[in-house]
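Inspection log for the structure reproduced underneath, given as structure tokens.
The values are calculated or read from the model by the stated rules, or taken from the named source; none is laboratory data. Worth saying up front: this structure is predicted, and the values here are computed from it rather than measured. Here the Cβ is made from the backbone with ideal geometry for all residues, glycine too, and neighbour counts use every protein chain on show. For the accessible areas, the whole protein counts, side chains as well, though only heavy atoms, and no ligand, DNA or RNA atoms are used. Shrake-Rupley method; radii C 1.70, N 1.55, O 1.52, S 1.80 Å.
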Amino acid sequence: MSLDAATKPQERLAEALAGDMDQVNAMIRARMASEHAPRIPEVTAHLVEAGGKRLRPLLTLGAARMCGYDGPHHVHLAATVEFIHTATLLHDDVVDESAQRRGRPTANLLWDNTSSVLVGDYLFARSFQLMTETGSLRVLRILSSAAATIAEGEVLQLTAARDLATTEETYLHIVRGKTAALFAAAMEVGGVIAGQDEARVRAMFDYGDALGIAFQMVDDILDYAGSDATGKNIGDDFRERKLTLPLIKAVAAADDEERAFWQRTIEKGRQESDDLDTALALLERHGAIGATRTEALAWADRAKAALADLPDHAIRDILIDLADYVVERVR
């Protein structure tokens, strides 16, 4: 598959859904307004208009379109998904004390932590208003459950962070919460609003779940392998002492001397100027990056397999390519 910019699957998906996405963007701009608190649209616009790919709302629109939906509510649901995602980013940057997001200063850096948290809360509230406008209790249940799962994943990551005993199983629970839950819900509600049967709705959930896991694993690789795709600095996860999958694999294979290094840098937080280079060398020594990529490829394959019985549609073909592209971001 060509990785030329003109053929990137998310760009083809955006082009195929451009009319619907214009409506989503208009709804986002309208619903992030506030008559009495101008700080809300200021903070929200900084992140919403920062050039994000809008992948999650595109999944909702794509799922609905693939299933022949012709009503108005896929726009509400896509905007809901984007608001939930934006709210979690605002909160995450406060928790992580991040200074950069999508190549720009974070909202908490430009304004303050209080503004970021409260605006994130406002967006969560707006998302619930939007999802109720569909009149579907099932949609409300799916998206509200996803919001709870995201928060649960973040808390689990907080408690597991900097603990060298963290296992790959715990990592998967964290990723399913913080990333895959919204991918899965975005696809699932598209199928539900289109009136699909349970087997197809489940297939859409499974695609989003597997795609989200592969997506996060690749992002964890890119933090060490290097790419402009994440908008982060190389080694941010190491400096923030996050136990992502490459690090978990390297720790599991460590000898006594290497384990002492990880205890000093990750558990105790005593990092020196050349420690990132040492960490990268240890990841290379134990093949942690390659092993993580292998797992990401397996999850991408699961995502593609989930689409097998869905309608034969151009959107489905793009979604298949998207699963491949997620992992092709790293070599």
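Values as computed for the structure displayed
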quantity: Output for the stretch 133-158, where each listed residue is open to solvent by less than 60 Å² (accessible area, probe 1.4 Å) and charged (D, E, K, R); calculated: Glu154
quantity: Residue that is nearest to Ala165 (Cα to Cα) [pool: residues in the stretch 267-276 that are free of Cβ contacts under 8 Å to residues at least 12 places away in the same chain and not acidic (Asp, Glu)]; calculated: Lys268
quantity: Residue that is within 19 Å of the chain's Cα centre (by Cα) and either closer than 18 Å to Ser116 by Cα or open to solvent by less than 40 Å² (accessible area, probe 1.4 Å) (or both), where the choices are Glu49, Glu42; calculated: Glu49
quantity: Candidates Arg316, Arg264, Arg302, Arg241, filtered to the one that is among the basic types (Lys, Arg), part of a helix (DSSP H, G or I), open to solvent by less than 60 Å² (accessible area, probe 1.4 Å) and touching a residue at least 60 places away in the same chain (Cβ under 8 Å); calculated: Arg316
quantity: Single match in Ala30, Ala78 (criterion: of a type outside the set (S, T, N, Q), open to solvent by 30 Å² or more (accessible area, probe 1.4 Å) and either more than 16 Å from Ser115 (Cβ to Cβ) or in contact with a Ser or Thr (Cβ under 9 Å, 6 or more places away or on another chain) (or both)); calculated: Ala30
quantity: Residues located in the stretch 121-143, provided they are under 17 Å from Val201 (Cβ atoms) and hydroxyl-bearing (Ser, Thr, Tyr); calculated: Thr134, Ser136
quantity: Residue pairs meeting the criteria (Cβ under 6 Å; at least 6 apart or on separate chains; first in contact (Cβ under 8 Å) with a residue 12 or more places away in the chain and under 23 Å from Ala33 (Cα atoms), in the stretch 123-140; second open to solvent by less than 70 Å² (accessible area, probe 1.4 Å) and among the polar types (S, T, N, Q)); calculated: Leu123/Thr86; Ser127/Thr80; Leu130/Thr80; Met131/Thr80
quantity: Elements of type helices (runs of 4 or more DSSP H) in the stretch 31-131, at least 2 residues being within 16 Å of Leu182 (Cα to Cα); calculated: 55-66, 73-96
quantity: Every residue from the stretch 102-132 that is at pLDDT 85 or above, open to solvent by 20 Å² or more (accessible area, probe 1.4 Å) and touching a helix residue (DSSP H, G or I) at 6+ places or on another chain (Cβ under 8 Å); calculated: Val117, Asp121, Tyr122, Phe124, Arg126, Phe128, Gln129, Thr132
quantity: Criterion (of a type outside the set (A, V, I, L, M, F, W, C) and out of contact with any Phe, Trp or Tyr (no Cβ under 9 Å at 6 or more places or on another chain)) met by exactly one of Glu188, Glu198; calculated: Glu198
quantity: Test result for Thr106, among the hydroxyl-bearing types (Ser, Thr, Tyr) and under 21 Å from Phe128 (Cα atoms); calculated: no
quantity: Which listed residue, of Ala279, Ala291, is touching a residue at least 12 places away in the same chain (Cβ under 8 Å), surrounded by 19 or more Cβ atoms within 10 Å (Cβ to Cβ) and either among the acidic types (Asp, Glu) or part of a helix (DSSP H, G or I) (or both); calculated: Ala279
quantity: Subset of the stretch 319-331 [surrounded by 23 or more Cβ atoms within 10 Å (Cβ to Cβ) and modelled with pLDDT of 95 or more]; calculated: Leu319, Leu322, Ala323
quantity: Counted residues, the stretch 176-208 - those being at pLDDT 95 or above, open to solvent by less than 10 Å² (accessible area, probe 1.4 Å) and in contact with a Gly (Cβ under 9 Å, 6 or more places away or on another chain); calculated: 10
quantity: Qualifying residue in the stretch 2-10 (condition: modelled with pLDDT of 90 or more and not in a loop (DSSP other than H, G, I, E, B)); calculated: yes
